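The values are calculated or read from the model by the stated rules, or taken from the named source; none is laboratory data. The structure presented is a predicted model; accordingly, all values stated were derived computationally and were not measured. Here the Cβ positions follow ideal geometry from the backbone for every residue, glycine too, while neighbour counts run over all protein chains shown. These area figures cover heavy atoms from the full protein model, side chains too; ligands, DNA and RNA do not enter into them. Shrake-Rupley method; radii C 1.70, N 1.55, O 1.52, S 1.80 Å.
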Amino acid sequence: MTYARGVSAPVDLIAQLFAGEGLRNYLGEEVSIATHMLQAGALAERSGAADHLVAAALLHDVGHFEAIGQRQTDGQQLEPIDYRHQDTGADWLAQWFPGEVTEAVRLHVMAKRYLCGVEPGYLGRLSPASLHTLGLQGGPLTRPQAEAFEQLPHARAAVTVRRWDEAAKDPAMATPPFDHFRPLLSRIAR
Ligand code: FE
């Protein structure tokens, strides 16, 4: 995609998406897409995670933005099909970010399916919208699928991001502004 006038760097472009489309409802969740991702980034940062994990948490759902992909709904309803936003997002981010970021983003949906398959009680903690998309995405992984997933590079990072993802749908949580994360993103974007 081309930059809007005056937008010269990836971090500015991402900021613009958060401030625009990001304010929409997040597909049946109680927070906007921007708030959701900012909360995920904040949870990662608070846990002392490395920069690339904070970035992956902060950016994991950019594939939901219409400006960078296909799609979609008006933001008010559940996804009717699986748009594979994890691939859209990872491919787009790969223009500027290393694999430690993009592959955690790409695998964050598989990580949900993994956790639902291997961790008792995880499925019961999913939001209704996430439970809905779990079905579209193929449901919990079987044991052989889970074992194969564990062998993938970045699987562990994706699982870590996924746990923040689940926790980042809290309308009562204080959410840092996007600018808070600019220095970190600028450090790792190329
Ligand atoms: Fe998410």
Item to complete: For the range 124-154, enumerate the residues that are more than 18 Å from the chain's Cα centre (by Cα), open to solvent by 50 Å² or more (accessible area, probe 1.4 Å) and of a type in the set (A, V, I, L, M).
Response: Ala148, Leu152
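Okay, residues lined up against (1) modelled with pLDDT of 95 or more; (2) within 15 Å of the chain's Cα centre (by Cα); (3) open to solvent by 10 Å² or more (accessible area, probe 1.4 Å):
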residue: Leu43; (1), (2), (3): yes, yes, yes
residue: Arg46; (1), (2), (3): yes, no, yes
residue: Arg71; (1), (2), (3): no, no, yes
residue: Pro80; (1), (2), (3): no, no, yes
residue: Gly89; (1), (2), (3): yes, yes, no
Worksheet item: Looking at this structure, is Asp170 within 16 Å of the ligand (Cβ to nearest atom) and either open to solvent by 30 Å² or more (accessible area, probe 1.4 Å) or assigned to a helix (DSSP H, G or I) (or both)?
Response: yes
Worksheet item: Taking Asp82, is it under 15 Å from His36 (Cα atoms) and part of a loop (DSSP other than H, G, I, E, B)?
Response: no
Worksheet item: What pairs come up if the first residue lies in the range 118-144 and is free of Cβ contacts under 8 Å to residues at least 40 places away in the same chain, the second is aromatic (Phe, Trp, Tyr) and surrounded by 14 or more Cβ atoms within 10 Å (Cβ to Cβ), and their beta carbons are under 7 Å apart, counting only those six or more places apart or on different chains?
Response: Leu141/Tyr114; Leu141/Phe149
Discussion item. Just the residues that are outside any loop (DSSP other than H, G, I, E, B) and open to solvent by 30 Å² or more (accessible area, probe 1.4 Å), please, taken from the range 173-190.
Written reply: Asp179, His180, Arg182, Pro183, Ser186, Arg187, Ile188
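Among the residues of the range 48-69, how many are among the β-branched types (Val, Ile, Thr) and surrounded by fewer than 23 Cβ atoms within 10 Å (Cβ to Cβ)?
Narrowing the range 48-69 to residues among the β-branched types (Val, Ile, Thr): 54, 62, 68.
Next, from what is left, pick out any that are surrounded by fewer than 23 Cβ atoms within 10 Å (Cβ to Cβ): 68.
Counting residues in the range 48-69 that are among the β-branched types (Val, Ile, Thr) and surrounded by fewer than 23 Cβ atoms within 10 Å (Cβ to Cβ) gives 1.
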Practice prompt. Could you please give the count of residues in the range 1-41 that are under 15 Å from Asp170 (Cα atoms), out of contact with any Lys or Arg (no Cβ under 8 Å at 6 or more places or on another chain) and at pLDDT 95 or above?
Written response: 6
Item to complete: Taking Ala111 as the residue in question, decide whether it is closer than 18 Å to Ser127 by Cβ, within 15 Å of the ligand (Cβ to nearest atom), of a type in the set (A, V, I, L, M) and at pLDDT 95 or above.
Response: yes
Fill in: When residues of the range 121-167 are limited to those that are within 11 Å of the ligand (Cβ to nearest atom), of a type in the set (A, V, I, L, M) and within 18 Å of Arg84 (Cα to Cα), the one modelled with the lowest pLDDT
Ala129
